[in-house]
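*Asks:* Can you read through this structure? Questions will come right after.
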Amino acid sequence: MSKYVLKLYVTGHTSASVRAAANLRRICEEELGGQYELFIIDILERPQLAQDEKILATPMLIKELPLPLRRVIGDLSNKEQVLLGLDYYPAV
């Protein structure tokens, strides 16, 4: 399995931001085990990064690796949608 590099862009400690981070951590642990690196970026603290990545809405998850790059917007509560966005298809 390739290692996943994920960046979650959030806006402060809003309920949506906290929920998205918790949902993503849970999904990553359940499905990816230790095969991921997760970076949580608060655009209030790092506005230049948000501008560079053209972040228009938060929470936004960007899967940088493995390619292709993918984006998922929302609180990441729908596990199937998140896995589809990550191009991750668990073995049945």
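The values are calculated or read from the model by the stated rules, or taken from the named source; none is laboratory data. Fair warning: this is a prediction, and the values are worked out from it, not measured in the lab. Cβ placement follows ideal geometry from the backbone for every residue including glycine, while neighbour counts extend to all protein chains displayed. Note: areas computed on protein heavy atoms with side chains; ligands, DNA, RNA excluded. Shrake-Rupley method; radii C 1.70, N 1.55, O 1.52, S 1.80 Å.
*Asks:* Could you work out which residue, out of D52, D42, D75, moves most in a Gaussian network model of the chain, that is, has the largest mean-square fluctuation with Cα springs under 10 Å?
*Replies:* Maximum among the listed residues: D52.
*Asks:* Something else: Please give the charge dipole size of the chain, origin at the Cα centre, charges +1 on K and R Cβ atoms and -1 on D and E Cβ atoms. Round to the nearest 20 debye.
*Replies:* 80 debye
*Asks:* Using amide H atoms built in the peptide plane, which far-off residues or other-chain residues are under 5 Å from R70 H to H?
*Replies:* Here the answer is K63, since their amide H atoms fall under 5 Å of that of R70.
*Asks:* A follow-up question, please. Where the accessible area of the chain is counted over protein heavy atoms with a 1.4 Å probe, how much of it, in %, is carbon and sulfur?
*Replies:* Accessible surface attributable to carbon and sulfur in the chain totals 55 percent.
*Asks:* Find out how many positive minus negative residues lie around D87, taking Lys and Arg as positive, Asp and Glu as negative, among other residues whose Cβ is under 14 Å from that of D87. Numbers along the way, then the final one.
*Replies:* On the way: positive: K3, K63, R70, R71; negative: E31, E64, E80.
For residues surrounding D87, the net value is +1.
*Asks:* Tell me, what is the per residue accessible area of the chain in Å², probe radius 1.4 Å?
*Replies:* 59 Å²
*Asks:* Can I ask one more? Which of G12, G34, G74 ends up with the largest GNM mean-square fluctuation for the chain, with Cα atoms connected below 10 Å?
*Replies:* Highest fluctuation of the listed residues: G34.
*Asks:* K3 to E53: FRET efficiency via 1/(1 + (r/R0)^6), r the Cβ-Cβ distance, R0 22 Å, to the nearest 0.05?
*Replies:* Approximately 0.65, to the nearest 0.05.
*Asks:* Using every Cα-Cα pair within the chain, state what percent have a distance larger than 24 Å.
*Replies:* Values: 596 of 4186 pairs.
Summing the P(r) tail past 24 Å for the chain gives 14 percent.
*Asks:* Report the relative contact order of the chain, percent, no decimals, based on alpha-carbon pairs under 8 angstrom and at least 6 residues apart.
*Replies:* After rounding, I find 39 percent.
*Asks:* Within the range 1-69, list the GluC sites (Glu not before Pro) lying in a DSSP loop whose Cβ has at most 13 other Cβ atoms in a 10 Å radius.
*Replies:* Taking the range 1-69 and a limit of 13 other Cβ atoms within 10 Å, the loop GluC sites (Glu not before Pro) found are E45.
*Asks:* Compute the projected area of the convex hull of the Cα atoms of the range 39-92, averaged over all viewing directions, and report it in nm² to one decimal place.
*Replies:* Orientation-averaged projected area of the Cα hull: 4.3 nm².
*Asks:* A further question on this structure: Which percentage, to the nearest 5, of the DSSP beta bridges contained in the range 2-92 is antiparallel?
*Replies:* 55 percent
*Asks:* Okay, moving on. Report the longest stretch of the chain that contains none of the trypsin sites (Lys or Arg not before Pro) sitting in a DSSP loop with at most 12 other Cβ atoms within 10 Å.
*Replies:* Details: sites that count: K3, K54.
It works out to 4-53.
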